[in-house]
């Protein structure tokens, strides 16, 4: 049994930038362990699997080590595939996910995702966080992820986390963020507990980042930059209990995976 696979760079308008995601369209779901094995073999931060469901698609995301409830860049990559290759006449696409129904619509050259907002609330500094990051943040909050806020962009770029320390203290993931020099805010995202040392661009992190910075800056429309090595650009808007996250995507490759020879699965 062969299934198609595409690798798409999300939140960028150029190859080798943004965050690469694998996308596998399926006629029906493979066993969970096979999808997890494919994600581990791809060794990207996310592999997305989609199955047509009426006019929408059911969508699931896997890191190299586990299935997750929400992923931004792999959703953007999947929408890019649907709207440019699978059904280019469409103007928008809906996905049924663990986090509810998510829509992605065209807006010129951009694709705009409609995601839930997770406004973060202040929390005590977790044990091991300062040791793991190598620097003390100004404040720590938690929305859908732990978030450490620093004073400026240079501090974010200079962080060299100790991922072994994060794992030892049970800190599966952490957002770090600060005001941007030529954008509204910058961030990085570390997720060693999900098999991801540093995620290049993390759409789902902005479900918490956008409510925080919108309140702090006093403006609902924000330009964000994730300052990982690959980097990525996001244009965001807070709309009540939802967050709009817009970006571009570029297809890098397409091919086929032969899963039958390894798993005994056939097309019947």
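The values are calculated or read from the model by the stated rules, or taken from the named source; none is laboratory data. Computed from a predicted model, the values in this text were never measured in an experiment. Using ideal geometry, Cβ is built from the backbone for each residue, glycine included, and neighbour counts are taken over all protein chains shown.
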* From (1) out of contact with any helix residue (DSSP H, G or I) (no Cβ under 6 Å at 6 or more places or on another chain); (2) within 30 Å of residue 15 (Cα to Cα), pick out the condition that doesn't hold for residue 144. => (1)
* Any hit, the stretch 24-39, residues being surrounded by 15 or more Cβ atoms within 10 Å (Cβ to Cβ) and under 17 Å from residue 189 (Cα atoms) -> no
* To do: Output the residues belonging to the stretch 136-154 that are exposed (fewer than 15 other Cβ atoms within 10 Å of the Cβ) and either in contact (Cβ under 8 Å) with a residue 12 or more places away in the chain or within 17 Å of residue 187 (Cβ to Cβ) (or both).
  => 138, 139, 151, 152, 154
* Asked: Among the helices (runs of 4 or more DSSP H) contained in the stretch 125-234, which hold 2 or more residues that are within 25 Å of residue 68 (Cα to Cα)?
  -> 129-133, 163-168, 206-217
* To do: Report whether or not residue 159 is crowded, with 21+ Cβ neighbours inside 10 Å, within 16 Å of residue 228 (Cα to Cα) and without any contact (Cβ under 8 Å) to a residue 60 or more places away in the chain.
  => no
* Asked: In the stretch 102-124, what count of residues is obtained for those that are free of Cβ contacts under 8 Å to residues at least 24 places away in the same chain, in a loop (DSSP other than H, G, I, E, B) and closer than 19 Å to residue 221 by Cβ?
  -> 1
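Which residue out of 232, 264 is out of contact with any helix residue (DSSP H, G or I) (no Cβ under 6 Å at 6 or more places or on another chain), modelled with pLDDT under 95 and surrounded by 15 or more Cβ atoms within 10 Å (Cβ to Cβ)? Full working, then the answer.
Working: 264 fails: surrounded by 15 or more Cβ atoms within 10 Å (Cβ to Cβ).
Just a single option satisfies the conditions, and that option is 232.
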* Structure fact -> Across (1) in the same structural domain as residue 59 (by TED's automatic domain parsing); (2) under 19 Å from the mean Cα position of the chain (by Cα), residue 90 clears everything bar (2)
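Each row is one residue, and each column tells you yes or no for (1) crowded, with 24+ Cβ neighbours inside 10 Å; (2) farther than 23 Å from residue 99 by Cβ; (3) in the same structural domain as residue 242 (by TED's automatic domain parsing).
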| residue | (1), (2), (3) |
| --- | --- |
| 173 | no, no, yes |
| 192 | no, no, yes |
| 199 | yes, no, yes |
| 202 | yes, no, yes |
| 205 | yes, no, yes |
| 211 | no, no, yes |
| 214 | no, no, yes |
| 218 | no, yes, yes |
| 222 | no, no, yes |
